[in-house]
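Chemist: Below are the structure tokens for one structure; questions will follow.
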Amino acid sequence: MRLATCPGILGGMRINAVCFIETGEGISSGSSMTIKNSTNNINYGKEEEIDYVVNTLNTLVSLQREDVHSNVVQLIAYQWQAEPKIFVVEEPNGMNFQEYLLLMRNHRDWLNDSKLIFIVKQALCAVQHLHDRYILHRDLTSHRFIICPETLTLKLVDFRLAKETNKQDAIISLSKYRHAIF
């Protein structure tokens, strides 16, 4: 299977289109190439990257069955039944949260308490949205959040290591931690 990604704009929203193409020969696990044309960069990923992207799609579909959360990257469309397999996701404006914090530190522009609370609340709401649907992100770092510096809007992205669990598994996992904590 080959993986191609292509950035673009749809109705004024920045997007990232991802396409999976079945191939007879496949891709060797170490290969990666980029095709450039005048308007787009198309990246063909390694097999492990394809697995991560498939997991991201499955997670986003599960997350957005009922509703869309404003602090989670939005799945706009997908087509998975026929060839080629395609999905389109929102490409949030901004930078990852780690870059933002470093930028603020370098400019000595510290976040006041109300801004910090606003940002942390958004992060917690995004994670709560996942947990309410029994999805564990399993890779929450400052790099997994995109922040828009102008509005301080935060989006959780990159679900490559996420795992969907059932209610019973979640309760069992929680009880293991409860014994260690309490």
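The values are calculated or read from the model by the stated rules, or taken from the named source; none is laboratory data. It should be emphasised that the depicted structure is a prediction, and the values quoted were computed from it without experimental measurement. Positions of Cβ are backbone-derived with ideal geometry, glycine not excepted, and every protein chain shown enters the neighbour counts.
Chemist: Consider only pairs whose beta carbons are under 7 Å apart and that are at least six residues apart or on different chains; among these, list those whose first residue lies in region 61-73 and is farther than 18 Å from Glu91 by Cβ and whose second residue is among the β-branched types (Val, Ile, Thr) and modelled with pLDDT of 85 or more.
Modeler: Once the first residue is farther than 18 Å from Glu91 by Cβ and sits in region 61-73, its partners that are among the β-branched types (Val, Ile, Thr) and modelled with pLDDT of 85 or more give Ser62/Ile135.
Chemist: If you don't mind, another one. Need the failing condition index for Ala123 against (1) under 19 Å from the mean Cα position of the chain (by Cα); (2) under 27 Å from Ile9 (Cα atoms); (3) not in a helix (DSSP H, G or I); (4) not basic (Lys, Arg), just the number.
Modeler: Of (1) under 19 Å from the mean Cα position of the chain (by Cα); (2) under 27 Å from Ile9 (Cα atoms); (3) not in a helix (DSSP H, G or I); (4) not basic (Lys, Arg), only one is false for Ala123: (3).
Chemist: Is region 97-118 home to any residue that is at pLDDT 90 or above, β-branched (Val, Ile, Thr) and surrounded by 12 or more Cβ atoms within 10 Å (Cβ to Cβ)?
Modeler: No - not one qualifying residue is present in region 97-118.
Chemist: Answer yes or no as to whether Glu164 is of a type in the set (D, E, K, R), in contact with a Phe, Trp or Tyr (Cβ under 7 Å, 6 or more places away or on another chain) and not assigned by TED's automatic domain parsing to the domain that holds Gly11.
Modeler: yes
Chemist: Select from region 135-169 the residues that are without any contact (Cβ under 8 Å) to a residue 60 or more places away in the chain and of a type in the set (Asp, Glu) and list them in ascending order.
Modeler: Within region 135-169, Asp139, Glu150, Asp169 qualify.
Chemist: Restricting attention to region 141-171, which residues are assigned to a loop (DSSP other than H, G, I, E, B), surrounded by fewer than 15 Cβ atoms within 10 Å (Cβ to Cβ) and either out of contact with any helix residue (DSSP H, G or I) (no Cβ under 7 Å at 6 or more places or on another chain) or aromatic (Phe, Trp, Tyr) (or both)?
Modeler: Across region 141-171, the qualifying residues are Thr141, Glu150, Thr151, Asn166.
Chemist: Of all residues in region 77-111, which are in a helix (DSSP H, G or I), within 25 Å of Gly8 (Cβ to Cβ) and among the charged types (D, E, K, R)?
Modeler: Glu99
Chemist: Ok, one more. Scan (1) surrounded by 12 or more Cβ atoms within 10 Å (Cβ to Cβ); (2) in contact with a strand residue (DSSP E or B) (Cβ under 9 Å, 6 or more places away or on another chain) for the single condition Arg138 breaks and write down its number.
Modeler: Unmet for Arg138, out of (1) surrounded by 12 or more Cβ atoms within 10 Å (Cβ to Cβ); (2) in contact with a strand residue (DSSP E or B) (Cβ under 9 Å, 6 or more places away or on another chain): (1).
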